[in-house]
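Data first, discussion second: the structure below is written as structure tokens.
Read-outs: derived from the displayed coordinates by stated rules, not from any lab. These numbers were taken from a predicted model, which means no experiment stands behind them. Every residue, glycine among them, receives a Cβ derived from its backbone with ideal geometry; neighbour counts consider all protein chains shown.
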Amino acid sequence: MLQQEYTITVYTENQIGLLNRIAIIFSRRKINVESLNTSPSEIDSVHRFNIVITETEEVVRKLCRQIEKQVDVLKAYYNNNEEIVWQELALYKVSTDVIATEVKVERLLSQYGARVVVIRKDYTVFSVTGHREETDRLIQVLEPYGLIEFVRSARVAIIKSSEGFHRKLTQFEYREPASDVVENEFLNQQEKVFSM
Amino acid sequence: MSSITQPLQETSPETQAEVMISGAEATMRCLIAEGVETIFGYPGGAIMPIYDALFHHQHEVNHILVRHEQGAIHAAQGYARASGRTGVVFATSGPGATNLVTGLADAMIDSTPLVCITGQVFAHLLGTDAFQETDVMNITTPITKWNYQVTEAHEIPVVLAKAFYLAGSGRPGPVLIDITKNAQIQAFSFPAYEKCKHIRSYRPKPVIRPEYIKEAAKLIDQAERPLVIFGQGVILGKAEKEFDTFLEKSGLPAAWTILGMSAIPTDHPNAVGMLGMHGNYGPNLLTNECDVLIAVGMRFDDRVTGRLDKYAKQAKIIHLDIDPSEIDKNVKTTVPVWGDCKETLPMLTDAIQRKSYPDWLKKFKECLEQEESKVIRKELNPSQEILTMGEVINILNSLTGGNAILVTDVGQHQMVTCRYAKFQDSRSNITSGGLGTMGFALPAAIGAKYGAPHREVVAIIGDGGFQMTMQELGTIMQFKPKIKIIILNNNFLGMVRQWQELFHENRYSFVDISSPDYVQVAQGYGIRARSVSERKDLEPALKEMMGSEGTYLLEVQVGKENNVFPMVPQGRGVAEVVLCKEDLL
């Protein structure tokens, strides 16, 4: 089976330690997490993880089941790139002097969809939002002029076919009482049984 | 489902007006409200407030002071496995908590319900490398079903209710609750204790899909050579009766995994023996001849499947499991039947036709005959002078009538016991299966006795494993659970030695382990003991042991270089199971 990029979307409770619980599912299997984002979701109190890995579908399916098995996880979905809308945000810091004299800033803005975030005497910060290729392209353009700092965010993704999580959560909140444990009738007679 | 119409708020009879109590006192009240009667533990600095509260409740709760925290958790495992209830452990922070790690990993892989309560340093000291501070939460994350750190007293009732619910429901597992010392001391207004029955992010049982039941029934009805393989799921799901009814109607031959053993009597008419590396010849060999393989509450461990690409490739596979992540994990299923087997088995029984497979069953019998002539006979009735492990188990069977709980450690003695032991009742075979923890048996046997006080508990341990946790003889000395201990002493780390003989050209690398005088050691703890090495003494000694009133330790000197066969060598398929060394190529 073919390896490809998958985005795993996990709806969770907001619980300390859960990030670790999810992260070790990947590290235990020596799978590299390419990007990981945690954020609020469409529902107050429910957290949403976006995790990007490159693996075969079979592996990703098993990983999702392992993630869903965690007590504080509500639901895990996986999608390939065709099934989602996603964006990443990148920030680029370059010297204002160089930019002002050598770069056609208006071209940057129009051709690469860049925005100017900050302009100071000493440096300027641009931002680009988009797919990996788009943020990568601007690195190539700016590198010759001395890119002082670069950073890119994790991927955030929306599932095209999803109707959101509200209905599922209502199902999950439906109380189904568990049955009681069958008792061991002999446990009450311990004094009679012990003594060496 | 009828239960939905019933009132959901069930308050325990403990209900009282709210009172101000300490977190430690609240912890004890929660445990009592959960019906906890036995706690295995060891005190220390960070859990002292809880032990202080325990002091006031010691007439309601039985606390067993072990000699090492690993002993506490294995004892709690033995308790849980014998009783079907949740085992409870107390340990202090730092080394107390880290000593639980092996037991947690063991309980996790063998799905044993535990609630472990560890003390922790004051919340304001977390992360300062305080005395006996360790990051228990992160250490135990991969080996607990759930863990939680309590830093405020008011969290205790809710968190403990959740802990017991999670440990015991669905696929059971260990839960660890780490309580900082300030939370134990802090006073708060204790509400009426309410058991937890629902967590929105947690689904203990997957929804049963009737269409899959129908599909599975169709496959079973059409099958000519179907085989059932079952694991601990039948026992954990308390579905022994349902499983028996299913077997009776379906007429299917049934083989057990090491942890599934005793879910049906070993002499059940459908029973064909044990699966796995040292399981019986027939079920291993014929796994690759069946046309439909029905797996019930088992997880296709590599010790059961051998090489996966040579495992039951010809068969259609039906897998019944409560844990959705087990389906397709190792073996691709044709029909997955998600759900609690206590519910799915009766549905499947209703949907199938009554059948029998005399020709197919005959094949298992033929395999057994081969195994008997090449392996079993000389193990149980040896011609050579030196004793075998198998004959010890064989005599033990006749003395217990298959009614005792046998607790085994890990290694050759474990395989031999599971191969030859006879069981009548469920929850009789307690052993460390998934993790293979040497040192498990002695403390687990202590716990098993508290979990099933009316039953005879016999620990069968090798000389290597016994020396790993033999300090728990001190626990036996002090609390006097009446257990029987058999040490099968071959003066070697036998299983490793067997592999070195078979696969490393007899290079015995550090498997030659010497033993103390076990009789003197036991007597030092006030425990009756005897050692035998000759056949004429064996049966009388076993009789003396079983007839003795209190704890009794019997050391049996057995052949040093005996091997356990049959064997599915590592990296081979189940059909490549061999009956003797000469067949290994």
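Observations
- Just checking the listed ones, A:Thr170, A:Thr56, A:Thr12: in the Gaussian network model of chain A with Cα springs under 10 Å, the one fluctuating most is A:Thr170.
- Rough spin-label spacing in nm, given labels placed 7 Å along Cα→Cβ, for A:His131 and B:Asp221: 5.1 nm
- Among B:Thr408, B:Leu442, B:Ile430 the positive-end extreme of the charge dipole of region B:387-559 (Cβ point charges): B:Ile430
- Exposure proxy for B:Trp499, B:Trp338: other Cβ atoms within 10 Å of each Cβ, ordered fewest to most, give B:Trp499, B:Trp338.
- Each of the trypsin sites (Lys or Arg not before Pro) that DSSP puts in a loop and that has at most 16 other Cβ atoms within 10 Å breaks chain A; the longest unbroken stretch is A:31-103.
- Take every DSSP beta bridge whose two residues both sit in region B:11-190; close to 15 percent of them are antiparallel.
- Cβ-Cβ distance of B:Phe131 and B:Ile185, R₀ of 25 Å, FRET efficiency by 1/(1 + (r/R0)^6): the value works out to about 0.90.
- For region B:109-192, trypsin sites (Lys or Arg not before Pro) are listed when DSSP marks them as loop and at most 16 other Cβ atoms sit within 10 Å of their Cβ; the list is empty.
- Neighbour-limited loop hits for chymotrypsin sites (Phe, Trp or Tyr not before Pro), region B:61-155 (at most 15 other Cβ within 10 Å; DSSP other than H, G, I, E, B): B:Phe131
- Considering only the protein assembly as shown, percent of DSSP beta bridges that pair antiparallel, nearest 5: 45 percent
- Each residue in B:Cys196, B:Cys341 was given a count of other beta-carbon atoms within 10 angstrom of its own, and listing them fewest first yields B:Cys196, B:Cys341.
- Hydrodynamic radius (Kirkwood) for region B:505-571, which is based on Cα pairs only, to one decimal in Å: 14.7 Å
- Computed from label points 7 Å out along Cα-Cβ, the spacing between B:Glu369 and A:Glu57 is 5.0 nm.
- For the segment B:73-84, counting C-beta atoms of other chains within 10 Å of every residue's C-beta and taking the mean gives 1.
- Alpha-carbon radius of gyration plus Dmax, which is the widest Cα pair, for region B:11-190 in Å: 14.7, 43
- Lysine pair number, Cα distance threshold 12 Å (strictly under), region B:387-559, separation 8 or more or different chains: 4
- Close amide H partners of B:Gly94, meaning residues 5 or more places away or on another chain with modelled amide H under 5 Å apart, are B:Thr134.
- Multiplying the residue separation of B:Met477 and B:Glu544 by 0.36 nm and subtracting their alpha-carbon distance yields 22.2 nm.
- Rounded to the nearest 500, the 222 nm mean residue ellipticity of chain B from helices alone is -10500 deg cm²/dmol, with -39,500 (n - 2.57) taken per DSSP H run of at least 4 residues.
- Estimated from the Cβ-Cβ distance and a Förster radius of 60 angstrom, the FRET efficiency linking A:Gln4 and B:Glu60 is about 0.50.
- Computed from label points 7 Å out along Cα-Cβ, the spacing between A:Val105 and B:Thr334 is 7.1 nm.
- Eligible lysines near B:Lys145 by straight Cα distance, threshold 19 Å, same-chain separation 8 or greater: A:Lys62, A:Lys69, A:Lys75, B:Lys162, B:Lys195, B:Lys197, B:Lys205, B:Lys329
- Those aspartates and glutamates that a straight Cα-Cα span of less than 17 Å connects to B:Lys581, excepting residues fewer than 8 apart in one chain: B:Glu371, B:Glu372, B:Glu379, B:Glu501, B:Glu505, B:Glu561
- Along region B:311-328 the Karplus relation, 6.51 cos²θ - 1.76 cosθ + 1.60 evaluated at θ = phi - 60°, assigns HN-Hα couplings of 9, 6, 5, 7, 9, 7, 10, 10, 10, 9, 7, 7, 9, x, 6, 7, 5, 6 Hz to successive residues, with x for each Gly and Pro.
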